[in-house]
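I have placed the structure first, in the form of C-alpha cells, so that the comments after it can refer back to it.
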Amino acid sequence: MNPLSPHLERDAQRRILYTEAEKIERHALGLPTCEPSPAGLIKRLPKGRTPVRKKGISAPAVLNEASEYGSAFTRGLRVDLPGGIIHLLLSGTASVGAHGETLYPGDFRAQLWRTYRNITELLRSEGATWHDIVRTTCYLRDIERDYQEFNSVRNEFFHALGLNPFPASTGIQARICRSDLLVEIEALAILYQGEPR
C-alpha cells in the first residue's frame, strides 16, 4: 500500500470523524469511508486512452511549492499537446516568497509587482515570456479600493514588455487564501514549438 503524503499523514494521526453523507460520497469515489486515503489509491483511466503529457512548473528561487504548507495544487502545469502546442496553466499566484511567506503585507502595489515577478519566473522556467500569455484572471481583495492602482501598474508593466495585444483578462473581487494578500493572478500561456507553417 502507498504511504500517505505528509499532510495526509498529519490527518491520519488525528481522528477524523466523517459524516454519513461524506461516507456515501467517499465510497462512491472508491475511497475508504472511515480513514484517510493512501496516495495513488485511485488510478482509473478509460481503456486505450493515454493521458496528455503534463508536468509541474516551479520557480523555487522566488516561490515555494504550495504542497510545502499542505495545499493540494501545483504552482503551474505544463501540458504538451500534439503538433508542438504547449499550454502553461499558472495557478493563482500572489506576493509569496521562496519560503512561503507573504511579502509586503498592506502594500498593494508592491504585492502586485511581486506577483508579476513570480509569474515571470514561472514562465521563464519553461522558456516562456509574457508574450506567450493569452489570458489572465485577476483577483483583488478590494476591487473598488485597488482597481485604479492595479490597472495603473498593469498598464505600465504590459507597455514596458511591449505586449500588443494585451492578454484577455477578467478582474474579480474575491477573498484570497490569506488575509494579508491583496491580489492574486492566474494565467494561461500558449506556446508553439512545432514546425513553422
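The values are calculated or read from the model by the stated rules, or taken from the named source; none is laboratory data. Just so it is clear, the model here is predicted, and its values are computed rather than measured. Because the Cβ atoms are built from the backbone with ideal geometry, glycine has one as well, and the counts that use them run over all protein chains shown.
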Sole miss for GLY106 among (1) outside the structural domain of ARG141 (by TED's automatic domain parsing); (2) assigned to a loop (DSSP other than H, G, I, E, B) is condition (1)
Show the residue pairs that are 6+ apart or on different chains and have beta-carbon atoms under 8 Å apart, the first residue being within the range 85-110 and closer than 15 Å to ARG135 by Cβ and in contact (Cβ under 8 Å) with a residue 60 or more places away in the chain, the second being aromatic (Phe, Trp, Tyr) and buried (at least 19 other Cβ atoms within 10 Å of the Cβ). GLY92/TYR139
Could you please give the count of residues in the range 132-186 that are in contact with a strand residue (DSSP E or B) (Cβ under 7 Å, 6 or more places away or on another chain), among the hydrophobic types (A, V, I, L, M, F, W, C) and at pLDDT below 95? 1
Before we move on, is GLY70 assigned by TED's automatic domain parsing to the domain that holds ILE172, over 30 Å from GLY194 (Cβ atoms) and in contact with a His (Cβ under 7 Å, 6 or more places away or on another chain)? yes
Tell me, which strands (runs of 3 or more DSSP E) wholly within the range 115-192 include 2 or more residues that are aliphatic (A, V, I, L, M) and in contact (Cβ under 8 Å) with a residue 40 or more places away in the chain? 133-140, 183-192
Breaking point among (1) among the small types (Gly, Ala, Ser); (2) assigned to a loop (DSSP other than H, G, I, E, B); (3) modelled with pLDDT of 95 or more, for ALA98: (3)
Candidate set: the range 93-115, residues that are under 19 Å from THR170 (Cα atoms) and out of contact with any strand residue (DSSP E or B) (no Cβ under 8 Å at 6 or more places or on another chain); chosen: the one surrounded by the fewest Cβ atoms within 10 Å (Cβ to Cβ): ARG109
What are the residues in the range 35-74 that are surrounded by 11 or more Cβ atoms within 10 Å (Cβ to Cβ) and more than 23 Å from the chain's Cα centre (by Cα), if any? GLU35, PRO36, SER37, PRO38, LEU41
Filter result for LEU88 (surrounded by 15 or more Cβ atoms within 10 Å (Cβ to Cβ), at pLDDT 95 or above, touching a Gly at 6+ places or on another chain (Cβ under 8 Å) and closer than 27 Å to ASN151 by Cβ): yes
I'd like the full set of residues that are surrounded by 11 or more Cβ atoms within 10 Å (Cβ to Cβ) and among the basic types (Lys, Arg), limited to the range 158-197. ARG178
Does GLY30 qualify as being at positive phi, outside the structural domain of ASP180 (by TED's automatic domain parsing), modelled with pLDDT of 85 or more and assigned to a loop (DSSP other than H, G, I, E, B)? yes
